[in-house]
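The values are calculated or read from the model by the stated rules, or taken from the named source; none is laboratory data. Since the structure is predicted, the reported quantities are computational estimates derived from the model, not experimental observations. Here Cβ is always computed from backbone atoms with ideal geometry, including for glycine, and neighbour counts include all displayed protein chains. The area values use the complete protein model at the heavy-atom level, side chains included, leaving out ligands, DNA and RNA. Shrake-Rupley method; radii C 1.70, N 1.55, O 1.52, S 1.80 Å.
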Amino acid sequence: MTNADKSTVPAGANHRGSAPSNVNPHVKKWVDEATKLCQPDNVYWCDGSPEEKKDLLARGVGEGVFIPLNQQKLPGCYLHRSNGNDVARSEQLTFICTPSEDQAGPTNNWMDVRQAYSKLKGLFSGAMKGRTLYVIPFVMGPLGSPLAKVGVEITDSVYVAVNMGIMTRMGEVAWKELARKGGDPDQPPEFTKCLHSVGDCNPERRYICHFPQDNTIISFGSGYGGNALLGKKCLALRIASYLGQQQEWMAEHMLLMGAQAPDGKKTYVAAAFPSACGKTNFAMLIPPEKYVKAGWRITTVGDDIVWMWVDKDGHLRAINPENGYFGVVPGTNYETNPNAMVCMARDSIYTNVALLPDGDVWWEGKTKEPPKQCIDWTGQEWTPDCGRKAAHPNSRFTAPVANNPVLDPAANDPDGVVVSAIIFGGRRSRTIPLVFQAFNWMHGVYLGASLGSETTAAATGQVGVVRRDPMAMLPFIGYNISDYLVHWFRMRKKMRDCPRIFHVNWFRKDDQGRFMWPGFGENMRVLKWIIDRSQGRAYAKETPIGWMPRYGDIDLDGLHMTKEQFEALQGLKIDDIKAEIAGQEELFLKLAGDLPKEMIFQRELLISRL
Ligand code: GTP
Ligand code: SPV
Ligand code: MN
């Protein structure tokens, strides 16, 4: 973007951007302190209005942060190219800051609270000189929900301001929610302080720090996704998981979907898959035609995070704290996930995709034939034979949930929905069958805790190596993992009636490296078996690892899958399972003396069943 384009920035014609007259004095004080520290040229208080969104987008275009896309094809859509060193969550630069290391536990990076505050103070000092400081009030969760949480993010990134506007319930509503929650005006109201600066976007000076005891998040040096949109992974998972453990509820890295059967009965299912392992796709699934004809309908409550609590009847209830999707783009097309394509067709931000000559966008897997030429995600000329990817493997779209054609009617219900089944799943080329069911909650928690998955481009680092990712929460547990696992075991006691637990793997490959299961919409077949099992209606056989459907127990009609192929897909080799158990040791040894006894018992039972 050239300087000439800066003329598109409108002059500050009205009062938008200034602090609301009735702003809470505790919030004001914190913003004033941050302003003093960061020394921005301007302070801009967001109100969440549509006019403001236009203004923020225009500012972003002026700064070269956003490139307007073809407005006929993609109304309201913009492209953003992030810094090449800043394209995914950086787990090694993410810290849990507590007084003692034990509170962060063996799987988190730990920093001493005082040391962290003093380091960050140095980094933030004068960091916003010449920039605008945006104050972004937001709510996580449906307004009025018992679990809804208010946060305020201070940032110097207009990209963050726009994305937070899509991902959360942002603006005036947050002040209202804060007032609704706060009783005593002398007491500081409960809100998460989120302080963010892109700084100089230098990985050497990049810290994503969480202070669970202070309900505070401070992030410096990254403008990307989960590192910078602090309502998402930082608040809704790391801080919330800590609060949940204290207050007996759960914050999990899960999608939440409704499945309506032909008889009208609706079942809600939550599923935890690690990053880039299929949550958004599963949450928006379109069933195969014969299921649609028969009357099956799938609806989305959430695609990435759930907050769950036990209601007065003893049922596990869940809400989606988010209000938008920050979804993986590569591999998404009108065949694999048409609903996602519709979501991102308007009012969306594309991050790190390729730009076509007509102002449309492209990514690997969007069409079978690549375009003859385009501008790749780094801004360079690209042709199919150039040997580089056009879109970054972790390129993303940010879209409002309201764009989803299959948004569940309960998506904004403060009371949430009752969860009947929980699914854990990983990306595993070998060993792990398509689907099986845990014997009970305790065994299910063990399955979740020992979940393995091949690493993906969603986090920086090596891709494709199997790592243990308990409940798909390894990078997101805001406290000691032993306490987290104990929390999962203990939640059972609060429930009168608990969800059934399952394990899936859409990603098993044959010796030629081809996926053995068609996946995507066809996952409906597995989901139907899961729902039927949850309601005590489908058959299965007992195996050492759990209950498994036999050929014929799961509907394969129309898939042209032979009995042999199905059995290979579900195949269990005892030697492989032994190797898998040995692979779990890595995590168990990390927990060492703090490994919950239930984990030891479940492991012994598994070994004795082999
Ligand atoms: P995060 O947003 O990082 O948490 O990812 P996610 O868990 O929501 O994953 P998503 O649904 O975006 O899928 C990630 C990648 O896996 C995409 O490239 C998808 O096309 C691919 N994928 C999703 N579901 C399936 C499936 O059933 N089979 C196969 N083979 N690939 C899938
Ligand atoms: C994930 O990595 O699980 C995501 C993307 O959902 S990010 O918001 O960057 O964490
Ligand atoms: Mn995710």
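Condition check for Arg346 on (1) open to solvent by less than 50 Å² (accessible area, probe 1.4 Å); (2) away from ligand 2 (no atom under 16 Å from the Cβ): one failure, at (1). Filtering the range 88-123 to residues that are under 30 Å from Trp377 (Cα atoms) and open to solvent by 50 Å² or more (accessible area, probe 1.4 Å) leaves only Gln92.
Looking across Ile554, Ile577, Ile607, one residue alone is touching a strand residue (DSSP E or B) at 6+ places or on another chain (Cβ under 9 Å) and among the hydrophobic types (A, V, I, L, M, F, W, C). It is Ile554.
Candidates Arg428, Arg396: the one that is among the basic types (Lys, Arg), touching a residue at least 60 places away in the same chain (Cβ under 8 Å), touching a helix residue (DSSP H, G or I) at 6+ places or on another chain (Cβ under 9 Å) and farther than 24 Å from Arg537 by Cβ is Arg396. Remark: Phe439 matches the filter, which requires a residue to be touching a strand residue (DSSP E or B) at 6+ places or on another chain (Cβ under 7 Å) and open to solvent by 50 Å² or more (accessible area, probe 1.4 Å). Give the residues of the range 455-476 that are within 16 Å of ligand 3 (Cβ to nearest atom), buried (at least 18 other Cβ atoms within 10 Å of the Cβ) and on the phi < 0 side of the Ramachandran plot, sorted by residue number. Passing the criteria: Thr455, Thr456, Ala457, Ala458, Ala459, Thr460, Asp469, Pro470, Met473, Leu474, Pro475, Phe476. Residues in the range 529-578 that are among the aromatic types (Phe, Trp, Tyr) and open to solvent by 50 Å² or more (accessible area, probe 1.4 Å): Tyr539, Trp547, Tyr551.
Taken over the range 502-519, the criterion of being surrounded by 21 or more Cβ atoms within 10 Å (Cβ to Cβ) and of a type in the set (Phe, Trp, Tyr) is satisfied by Phe502, Trp506, Phe507, Trp517. Look at the range 200-223: where a residue is farther than 28 Å from Gln245 by Cα and modelled with pLDDT of 95 or more and a partner is in a strand (DSSP E or B) and open to solvent by 30 Å² or more (accessible area, probe 1.4 Å), sitting 6+ places away or on another chain with Cβ atoms under 7 Å, you get Gly221/Tyr207.
Once the range 71-103 is narrowed to residues that are in a loop (DSSP other than H, G, I, E, B) and of a type in the set (A, V, I, L, M), the residue that is nearest to ligand 1 (Cβ to nearest atom) is Ala88.
For the condition acidic (Asp, Glu), modelled with pLDDT of 95 or more and under 28 Å from the mean Cα position of the chain (by Cα), Asp102 qualifies. Residues that are within 16 Å of ligand 1 (Cβ to nearest atom) and among the small types (Gly, Ala, Ser) were ranked within the range 297-332; the one that is farthest from Leu256 (Cα to Cα) is Gly331.
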